Structure formats: structure tokens, C-alpha cells
Amino acid sequence: MGEYAVVTALVATLAVSISAIPNGQLAARLPTTAAKARALVATTARDHGVPAAHARHALGTAPYSRPPLRYLFASGWMDGRRSPASCVFAKAAPSSTATGIATSIRRDRRLVARLGRMRVTVSQAAEAVLRGTASAC
């Protein structure tokens, strides 16, 4: 029973950190071009206390070609570096973590609308964040 509480707490922590990227304004600032993604990653890295060069490297190695997904991957990576527990949990229980992330994204209607305009589904966005978080270990 205690393990379930730990799992729930970690999913909630990861979901809250995703919804706060960056400072609750992800919907307005989600990048549409690679140049905007690089600039936003550097800013977000400073906010997360992660070296900007490392965050740009994560952005460069993201397994996606579209800038919004690359940025979400890098954001997940930064969260994984900041919180090693979420990184381990993303690897150990990917399906429940992805569900928690998707739920968190769906709560922000502006973000869902912006993702829709970019032709990115909520599940794609959640998967990008999850893969980025898991790659930070």
C-alpha cells in the first residue's frame, strides 16, 4: 500500500513540474521553430538550475524532428536532471507516468489548443516529456 502512495506522489510531482514549464506559460511560449526552441531551452535551463549547454545538447539529441516535441523532450530532460526520483520513476513505470503527464497537460485548455494548432496530440506531448525525463538518468 505504501508503494502505491510513493508512485502516486511521484506521478503528481512530475505532472506538476510539467504543468509549470516555464512558469505556467507553456501554452503561450511553446516554440514553433528550432531557433525559438533553442532560445527557450536556454531560458528554461537557467530557471531549472541546469547548465544551458547541457540542455541545448538534450534538445539536439531529441529523437523528434518537430520543434514543439523537441522542446518538450528537453523540458522533460531538465526535470529529470533536477529531480532524479522522477527520472527513475519515468523508467520504472512509464505507462502510469505518461498517463499522469497527459492528465496534467489536458488540464491546461490553452496548452491543448496550442498543441492542436501545431498538430501535436496530448499523447505525443506526454510521450516526449516522458522520454526526455527517462533519458536524464
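Every read-out reported here was derived from the displayed coordinates using simple, explicitly stated rules and does not represent laboratory data. This is a predicted model, so every value here is computed, not measured. Positions of Cβ are generated from backbone atoms using ideal geometry, with glycine treated the same way; all protein chains shown enter the neighbour counts.
If you take the square roots of the eigenvalues of the alpha-carbon gyration tensor of segment 54-137 and sort them as a ≥ b ≥ c, do you get rounded (a/c under 1.5), prolate (a/b over b/c) or oblate?
Values: a/c = 2.09, a/b = 1.24, b/c = 1.68.
It comes out oblate by the Cα gyration axes.
Take the alpha carbon atoms of segment 86-135, find their center, do the same for segment 43-58, and report the distance between the two centers in whole angstrom.
Centre-to-centre distance over Cα atoms comes out at 20 Å.
Calculate, for Ala113 and Ala34, the FRET efficiency according to 1/(1 + (r/R0)^6) with r their C-beta to C-beta distance and R0 22 Å; round to the nearest 0.05. Walk me through the numbers on the way to the answer.
Numbers: r = 22 Å, r/R0 = 1.02.
Working from the Cβ atoms, E equals 0.45.
So for segment 32-137, averaging the separation of alpha carbon pairs under 8 Å that are six or more residues apart and normalising by length, what relative contact order in percent results? Don't skip to the end; give the middle numbers.
Numbers: 149 pairs, mean separation 34.9, N = 106.
About 33 percent, as a whole number.
Could you compute the net charge surrounding Pro31? Neighbours are other residues with a C-beta less than 9 Å from the C-beta of Pro31; K and R count +1, D and E count -1. Let's see the in-between values first.
Numbers: positive: Arg29, Lys36, Arg38, Arg70; negative: none.
Charge balance in the 9 Å sphere: +4.
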